[in-house]
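In what follows, a structure is listed as structure tokens, so that the remarks can point back to it.
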Amino acid sequence: MTDTFRPIGRRGFLKLSAAVGGVVALGSIAACGQKSGGNGAGGYSGDVAVTGLASLIHSAPFFIAQSEGFYEEEGLNLENVQFPGGLDTVRGINSGIGFGTSSTLPVFIAAESGMDVRIIGNVYTAASVDFIALPDSPINTIEDVRGRTVAVSTPGSNSSYFAERTLSEAGLVPGTDVQLLSVGSAADSWTAVSQGVVDVAWTASPLSEQISNESGGKVIWRSRDYVTDWSDTCLVATGAFMDENTDALRGWGRALQKAMDMISSDVEAAAEVYGKAIDTKPEVALEALRNSQNFFSLDFTDAQLEAVVEAGKEQGQITKEPDMDNIVLRDFLS
């Protein structure tokens with residue numbers, strides 16, 4: 001991948017909250033691994049590692065499953081532990097928590113490095129990165145960014161990958177037709193746009209909907225408009241944890257399926273629960289879930305997994321063909 005990035009400093013930026021409700025990490029690594037009665041004998045109690053718990057839409061089923069008592073019905077007493085990124089989450093899972101949800105690509109990267117991690121289910125099946133501009137911006141389509149600047153997180157991140165891929169799909173050459181600037185988080189990215197440093201910010205739901213609701217920002221394009229096959233986040237566990245807690249993990253999957261079914265069949269009720277959990281306006285939570293309603297699933301397709309692996313190869317993060325049959329356990333939750 002060519003170097004199309006120019007870093008800019010954060011000094012002077014007024015940071016917005018990276019999490020839509022200011023929810024911070026729950027639990028602690030020191031408390032991980034606490035459990036009682038593995039394999040469903042007396043239930044399971046412990047921590048769950050979750051990437052972007054309070055700030056990313058894929059976490060909605062976890063909040064709903066907990067709030068609606070779906071975990072309790074399966075004999076589970078779980079406390080979510082928030083991690084900022086996929087690799088951090090996988091390291092936390094591998095270091096003692098045992099299971100959780102992560103961006104899918106980092107699991108393949110971790111497996112290649114020798115970590116004992118397995119993918120046992122899908123979670124969010126859409127490319128989650130959005131690109132947003134000020135309400136009075138002359139930019140209204142992806143083609144309008146020619147000669148402009150787009151803020152991304154860091155080189156090698158999901159935001160940079162999807163910026164380059166979607167721009168290329170639209171016939172633009174990153175680094176030539178459009179400059180990509182590394183600014184950090186989605187909140188920092190929107191601040192950079194608001195201060196006139198860049199023209200378009202990367203963001204992700206539900207922050208996309210929050211920005212639109214509070215400031216009139218307009219989503220110019222979504223990565224999923226150009227990437228139709230993708231596994232954004234998945235359920236992960238170590239092999240050792242799976243051996244010791246098979247029934248608990250399957251109960252976890254059933255609880256999350258109930259939450260996904262609620263999002264699909266009664267999005268208003270699901271949004272009410274989700275909005276309260278992340279302390280955001282009901283209308284923001286509802287819009288965010290409606291925009292993502294069709295992208296929650298525990299099932300994989302070959303095309304989704306292949307797309308993730310190809311993205312890793314393109315970025316030099318995956319250097320050899322992964323052993324899919326060993327890493328991805330498609331039937332574990334069925």
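Run R250 past the list (1) open to solvent by less than 40 Å² (accessible area, probe 1.4 Å); (2) assigned to a helix (DSSP H, G or I) and report the number of the one that doesn't hold.
Every listed condition holds for R250 apart from (1).
From the list G43, G69, G96, G85, pick out the single residue that is farther than 18 Å from A237 by Cβ and at pLDDT below 95.
On the way: G43 fails: farther than 18 Å from A237 by Cβ; G69 fails: at pLDDT below 95; G96 fails: farther than 18 Å from A237 by Cβ.
Within the list G43, G69, G96, G85, the selection yields G85.
Any residue that is modelled with pLDDT under 95, more than 30 Å from G75 (Cβ to Cβ) and not in a helix (DSSP H, G or I) - is there at least one of those in the range 228-241?
Applying the first criterion (modelled with pLDDT under 95) to the range 228-241 yields 228.
Right, trim to more than 30 Å from G75 (Cβ to Cβ) and you get 228.
So of that shortlist, the ones also not in a helix (DSSP H, G or I) come out as 228.
For the range 228-241, residues modelled with pLDDT under 95, more than 30 Å from G75 (Cβ to Cβ) and not in a helix (DSSP H, G or I): present.
Quick check on my filter: what residues within the range 51-64 are under 21 Å from V107 (Cβ atoms) and modelled with pLDDT of 95 or more? Spell out the reasoning first.
First, pick out the residues of the range 51-64 that are under 21 Å from V107 (Cβ atoms): 51-53, 55-62.
Once the filter is applied, which keeps residues that are under 21 Å from V107 (Cβ atoms) and modelled with pLDDT of 95 or more, the range 51-64 yields I57, H58, S59, A60, P61, F62.
Which one of these is closer than 30 Å to V152 by Cα, touching an Asp or Glu at 6+ places or on another chain (Cβ under 6 Å) and in a helix (DSSP H, G or I): A277, A288? Write out each step before concluding.
On the way: A277 fails: touching an Asp or Glu at 6+ places or on another chain (Cβ under 6 Å).
None of the other options fit; the residue is A288.
Within the set of pairs 6 or more residues apart or between chains, which connect a residue that is over 15 Å from A186 (Cα atoms) inside the range 196-225 to a residue that is surrounded by fewer than 21 Cβ atoms within 10 Å (Cβ to Cβ) and basic (K, R) with Cβ atoms less than 9 Å apart?
Every condition considered, the pairs that remain are N213/K281; E214/K281.
Given the structure, is K313 more than 16 Å from the chain's Cα centre (by Cα), part of a helix (DSSP H, G or I) and not hydrophobic (A, V, I, L, M, F, W, C)?
Answer is yes for this residue.
Does the range 155-173 hold any residues that are loosely packed, with under 15 Cβ neighbours inside 10 Å and either among the hydrophobic types (A, V, I, L, M, F, W, C) or within 22 Å of G196 (Cα to Cα) (or both), and which are they?
V173
Can you find a residue in the range 174-189 that is in contact with a Lys or Arg (Cβ under 7 Å, 6 or more places away or on another chain), part of a helix (DSSP H, G or I), open to solvent by less than 50 Å² (accessible area, probe 1.4 Å) and modelled with pLDDT of 95 or more? I'd like the intermediate steps shown before the answer.
Here is the first cut: in the range 174-189, the residues in contact with a Lys or Arg (Cβ under 7 Å, 6 or more places away or on another chain) are 177-179, 181, 184, 187-188.
Cutting the leftovers down to part of a helix (DSSP H, G or I) gives us 187-188.
Within this subset, residues satisfying the condition of being open to solvent by less than 50 Å² (accessible area, probe 1.4 Å) are 187-188.
Within this subset, residues satisfying the condition of being modelled with pLDDT of 95 or more are none.
Within the range 174-189, not a single residue is in contact with a Lys or Arg (Cβ under 7 Å, 6 or more places away or on another chain), part of a helix (DSSP H, G or I), open to solvent by less than 50 Å² (accessible area, probe 1.4 Å) and modelled with pLDDT of 95 or more.
Does P135 count as open to solvent by 40 Å² or more (accessible area, probe 1.4 Å), touching a Gly at 6+ places or on another chain (Cβ under 7 Å), not in a helix (DSSP H, G or I) and not acidic (D, E)? Quick ask: steps written out before the conclusion?
Numbers: open to solvent by 40 Å² or more (accessible area, probe 1.4 Å): yes; touching a Gly at 6+ places or on another chain (Cβ under 7 Å): yes; not in a helix (DSSP H, G or I): yes; not acidic (D, E): yes.
Yes.
Table: residues versus (1) open to solvent by 90 Å² or more (accessible area, probe 1.4 Å); (2) out of contact with any strand residue (DSSP E or B) (no Cβ under 6 Å at 6 or more places or on another chain); (3) closer than 16 Å to S223 by Cβ.
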{"position": "R290", "(1), (2), (3)": "yes, yes, no"}
{"position": "F295", "(1), (2), (3)": "no, no, yes"}
{"position": "L298", "(1), (2), (3)": "no, no, no"}
{"position": "A307", "(1), (2), (3)": "no, yes, yes"}
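Against the conditions (1) modelled with pLDDT of 95 or more; (2) closer than 29 Å to R165 by Cα; (3) surrounded by 15 or more Cβ atoms within 10 Å (Cβ to Cβ), where does D323 fall short? Just the number, please.
The number of the failed condition is (3).
Output yes when any residue across the range 276-284 is open to solvent by 80 Å² or more (accessible area, probe 1.4 Å) and free of Cβ contacts under 8 Å to residues at least 12 places away in the same chain, and no when none is. Please lay out each step first, then the result.
Taking the range 276-284 as the starting set, the residues that turn out to be open to solvent by 80 Å² or more (accessible area, probe 1.4 Å) are 276, 279, 281-283.
So of that shortlist, the ones also free of Cβ contacts under 8 Å to residues at least 12 places away in the same chain come out as 282.
Yes, because at least one residue in the range 276-284 is open to solvent by 80 Å² or more (accessible area, probe 1.4 Å) and free of Cβ contacts under 8 Å to residues at least 12 places away in the same chain.
The values are calculated or read from the model by the stated rules, or taken from the named source; none is laboratory data. Quick caveat: nothing in here was measured; it's all calculated off a predicted structure. Positions of Cβ are generated from backbone atoms using ideal geometry, with glycine treated the same way; all protein chains shown enter the neighbour counts. Accessible surface is based on the protein model in full, side chains and every heavy atom, while ligands, DNA and RNA are left aside. Shrake-Rupley method; radii C 1.70, N 1.55, O 1.52, S 1.80 Å.
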